[in-house]
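For reference, the structure is listed below as C-alpha cells.
Throughout, read-outs are computed from the coordinates displayed, never taken from laboratory work. Bear in mind the structure is a predicted one, so any value in this text is a computation, not a measurement. Note that we place each Cβ from the backbone using ideal geometry, even for glycine, and neighbour counts take in every protein chain shown.
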Amino acid sequence: DTEVTQTPKHLVMGMTNKKSLKCEQHMGHRAMYWYKQKAKKPPELMFVYSYEKLSINESVPSRFSPECPNSSLLNLHLHALQPEDSALYLCASSQDQLGRREQFFGPGTRLTVL
Amino acid sequence: SQKIEQNSEALNIQEGKTATLTCNYTNYSPAYLQWYRQDPGRGPVFLLLIRENEKEKRKERLKVTFDTTLKQSLFHITASQPADSATYLCALQKKGAGSYQLTFGKGTKLSVIP
C-alpha cells in the first residue's frame, strides 16, 4: 500500500466552527507533514512530525493545531479560521525521518471558510 | 533571500517533442533536489530525486540534471504525450531544524498538444 489517504475531500466551515482533517498512511513512514496550498501557488510547509513528535512548526497560527495519535495517523484540528485560510491542505509522509527521501502526498482536503 | 525560480509559468509543446523545464535557485545550498508532478486539485506525485553530488538521473522518458555551479536543474520529458500535461514542481531540500525540509518552486504548467 503506497497510498496516503485524506478525509474529508471537501470541507466548508464557518469562522466559529471546529473541525478536523485526517490523514492516514500504512507504509511504515515515520515522518509526516502538513502543507497548505493556495490556488496557483506551491505547497507551503506547515508542520513536520518525526516519530510522532512535532519537530517543525513553520510559525503557523494557533488556530491550526496538529496531532499525531500514532505512527499511521495525522490530524489537523481547525478552530476559528479566517476566510484567507481557504486552501488545499495536503498531507504527506516519507520513509526517512530526516526527510531525505521522496514524499508521498495525499489527494488533499479542499477547505472553504465562509 | 533564498529564491527558487521555475522560469516558465507555462510551456506548450507539440506531442512527440522533448519538453525541457528549468529550475534555478539563489542563496541556497540544497543537499537534494526533487521534481514532482501535480494535476489540478490533486497532491503532488514524486518523479525524481537527485543528490548534490550527482549530475544526472534518468527514469524511463524522464531525465533530470543538477548543476550546483550554475545553481540550476533541468527536467526533460522525451517523446512527450498529451498525458504528460500537468504542473511540474521543482523542490529543494536542505537540512534545517533536524530534518530536510522541502521548499517548492512555483511550478511550470506543461501542455502537450496533440
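Tell me, what HN-Hα J-couplings in whole Hz come from the Karplus equation 6.51 cos²θ - 1.76 cosθ + 1.60 at θ = phi - 60° for each residue of region B:16-26, using x for Gly and Pro?
x, 7, 8, 8, 10, 10, 10, 10, 10, 9, 9
Along region B:34-44, what does the Karplus equation 6.51 cos²θ - 1.76 cosθ + 1.60 (θ = phi - 60°) give for ³J(HN,Hα), rounded to whole Hz, x for Gly and Pro?
Listing the rounded values in order: 10, 10, 10, 10, 10, 9, x, x, 10, x, x Hz.
With the crude spin-label approximation of a point 7 Å out along Cα→Cβ, what separation in nm comes out for A:N17 versus A:N70?
Simple spin-label model gives 2.8 nm for this pair.
So how far apart, in nm, are the two label points at B:V45 and A:K40 if each is 7 Å from Cα heading toward Cβ?
The answer from the label model is 2.5 nm.
Give the total of Lys-Lys pairs in chain A with Cα-Cα distances below 15 Å; include a pair only if its members are 8 or more places apart or on different chains. If you can, show how the numbers build up before the last one.
Working: A:K9/A:K19; A:K9/A:K22; A:K9/A:K36; A:K22/A:K36.
Lysine pairs satisfying the spacing and distance rule in chain A number 4.
Using only alpha carbons, build the gyration tensor for region A:71-114 and give me the equivalent ellipsoid semi-axes, biggest first, whole Å.
Working: eigenvalues 134, 25, 15 Å².
Calculated on Cα positions only, the semi-axes equal 26, 11, 9 Å.
Which one, A:M15, A:M32, A:M46, has the greatest fluctuation when you compute a Gaussian network model over chain A with C-alpha springs under 10 angstrom?
Answer for the Gaussian network model of chain A: A:M15.
So how far, in whole Å, is the C-alpha centre of region B:18-51 from the one of region B:52-114?
Rounded to whole Å, the Cα centres lie 3 Å apart.
Under 5 Å between amide hydrogens, which residues at least 5 positions from B:A31 or on another chain qualify, with H placed 1.01 Å from N in the peptide plane?
Hits under the 5 Å cutoff: B:Q93, B:K94, B:K95.
Over all directions, the average projected area of the alpha-carbon convex hull for region B:32-90 comes to how many nm²? Before the final figure, lay out the partial values.
On the way: hull surface 16.8 nm².
That works out to 4.2 nm², a quarter of the Cα hull's surface.
Only loop residues by DSSP count here, and only those with at most 13 other Cβ atoms within 10 Å; note down the trypsin sites (Lys or Arg not before Pro) in region A:1-45 that meet that.
On the way: sites: A:K9, A:K18, A:K19, A:K22, A:R30, A:K36, A:K38, A:K40; in loops: A:K9, A:R30, A:K38, A:K40.
Counting only loop positions with at most 13 other Cβ atoms within 10 Å, the trypsin sites (Lys or Arg not before Pro) in region A:1-45 are A:K9, A:K38, A:K40.
Could I get the Rg over Rh figure for the protein assembly as shown? Both from C-alpha atoms, Rh via Kirkwood, rounded to two places.
Values: Rg = 17.7 Å, Rh = 18.2 Å.
Rounded to two decimals, Rg over Rh is 0.97.
According to a simple spin-label model (label point 7 Å from Cα along Cα-to-Cβ), what is the distance in nm between B:I113 and A:S62?
In this crude spin-label approximation the distance works out to 5.5 nm.
Can you work out D for chain A in µm² s⁻¹ from Stokes-Einstein, where Rh is the Kirkwood radius over C-alpha pairs, the temperature is 4 °C and the viscosity is 1.567 mPa s?
Numbers: Rh = 14.0 Å.
D, rounded to a whole number, is 93 µm²/s.
Excluding same-chain pairs closer than 8 in sequence, count the lysine pairs in chain B whose Cα atoms lie under 18 Å apart.
17
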